[in-house]
1. How would you rank 325-335, 183-193, highest first, on the average number of other Cβ atoms within 10 Å across their residues?
2. Report the FRET efficiency, 1/(1 + (r/R0)^6), for residue 385 and residue 229, where r is their Cβ-Cβ distance and R0 is 60 Å, rounded to 0.05.
3. How far apart, in nanometres, would the label points at residue 304 and residue 272 be if each is projected 7 angstrom from Cα along the Cα-to-Cβ direction?
4. Rank-order 133-142, 224-233 by packing density, defined as the average count of other C-beta atoms within 10 Å over each peptide's residues, highest first.
5. Could you give the length gained by full extension between residue 376 and residue 345, i.e. 0.36 nm per residue of separation minus their alpha carbon distance, to one decimal place?
6. Give me the one-decimal nm value for the distance between modelled label points at residue 449 and residue 314, 7 Å along each residue's Cα-to-Cβ direction.
7. Quick one: Kirkwood hydrodynamic radius for the stretch 312-418, alpha-carbon pairs, angstrom, one decimal?
8. Applying a 10 Å radius around every beta-carbon, put 308-314, 413-419 in order of their mean neighbour count, most first.
Ligand SMILES: [Zn+2]
């Protein structure tokens with residue numbers, strides 16, 4: 001995640017990955033606002049879970065379930081509206097800069113802080129110390145080249161996670177660069193320990209290969225001693241990139257969940273014990289311990305104690321910040337595994353609403369909505385046309401329709417059409433259904449047995465289970 005440059009105490013960039021299908025928004029009953037989410041993943045990039053937890057204003061209200069053609073595209077989980085994660089929540093939207101292998105590459109505005117800081121440190125401190133008597137322009141060009149190539153390295157690191165995820169048929173939504181590095185938004189957790197192992201290890205492994213490639217390039221181009229009198233700017237840039245990527249690989253392999261190494265660690269325990277939950281607990285506690293260690297080291301360094309890994313000032317601050325970020329993410333990982341354990345006691349058939357009221361597709365929203373929302377804020381209708389499920393219209397869709405349009409709009413126009421719904425079987429695990437809802441931004445799914453709709457399962461019921469178990473509040 002970060003590299004270590006002992007000259008400055010600047011520890012580089014975080015790389016992260018997260019498979020973060022987080023259950024977004026378990027607080028939505030609180031007036032449709034999302035209170036947070038369950039991190040599903042990993043950070044090897046602490047980032048993702050956090051982003052989602054704190055971010056993602058996936059209000060299951062308005063647009064997300066409007067029956068428009070692109071409701072599947074939804075808003076990229078760009079909006080990190082603050083919450084716990086200090087810097088993550090800057091409230092800006094991610095900027096899409098292109099795509100690789102069909103995966104959108106996004107930049108969070110917080111990333112520009114990292115870009116500016118790294119360029120400045122390289123141009124004013126690191127390179128001038130290594131190469132004397134060069135012009136300012138030379139240092140700036142060296143710094144810019146290094147930083148740009150380094151960020152490409154981070155994208156490649158995330159891409160490596162993503163490619164392995166896809167190999168296991170797990171969709172990848174995007175790769176995002178942000179202030180602590182990068183994250184790949186991988187939509188599900190691995191189902192098997194080996195898949196988890198390969199997915200997590202792919203990132204640091206690619207960083208290692210990239211590092212070796214830069215060192216090899218330096219060697220091929222003369223391999224001049226960076227301290228020697230004949231050292232060129234090019235030698236220093238290549239060496240810096242090689243070492244930084246190498247250290248990134250090493251740092252990320254520290255067995256502290258949710259970093260890549262922690263995920264590898266978890267997959268190994270999982271492989272041995274066969275117990276996903278226990279392995280998550282062990283790896284997450286290791287991660288929290290490591291995070292506290294970072295915070296302690298940062299505080300000591302700030303007090304001018306020589307801790308070897310950071311200097312007072314910026315390096316110390318960075319350690320503390322990173323420590324808090326990791327601690328938060330590890331804790332989210334723990335919570336999530338508790339949620340899954342609580343939910344896994346239920347199947348769809350046990351929580352579904354049986355015999356939901358049915359309405360005619362041509363019925364106006366006015367007659368659906370008037371009065372009903374007050375009496376039953378969780379109302380949900382199955383819209384049937386010719387004896388078949390045409391869609392689902394719940395309070396979320398109804399609220400999304402301005403009252404002025406109620407008389408003119410029909411249930412068919414307001415509903416989420418069945419083409420966008422995924423039918424679930426009555427014995428499907430509720431934790432999987434919640435994940436499905438999160439990924440597709442849906443609040444209700446039809447429960448189907450032998451081709452017949454036997455009920456509707458709502459996100460609010462599932463979250464009700466978590467609330468009953470004392471795992472979430474505020475619904
Ligand atoms: Zn990674």
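Taken together, the values in this text are just the output of simple stated rules run on the coordinates, not laboratory data. These numbers were taken from a predicted model, which means no experiment stands behind them. So basically every Cβ, Gly included, is an ideal-geometry build from the backbone, and we count neighbours across all protein chains shown.
1. Values: 325-335: 25.5, 183-193: 23.3.
Ranked from most to least packed, the peptides come out as 325-335, 183-193.
2. On the way: r = 83 Å, r/R0 = 1.38.
Once rounded, the FRET efficiency stands at 0.15.
3. Label at residue 304, label at residue 272, 4.5 nm between them.
4. Details: 133-142: 14.0, 224-233: 12.1.
Going by the mean number of other Cβ atoms within 10 Å, highest first, we get 133-142, 224-233.
5. Numbers: separation 31, 0.36 × 31 = 11.16 nm, distance 2.70 nm.
In short, 8.5 nm is gained.
6. So the two model labels end up 6.4 nm from each other.
7. Working: mean 1/r = 0.0575 Å⁻¹.
For the stretch 312-418, the Kirkwood estimate is 17.4 Å.
8. Details: 308-314: 16.3, 413-419: 19.4.
Ranking the peptides 308-314, 413-419 by packing returns 413-419, 308-314.
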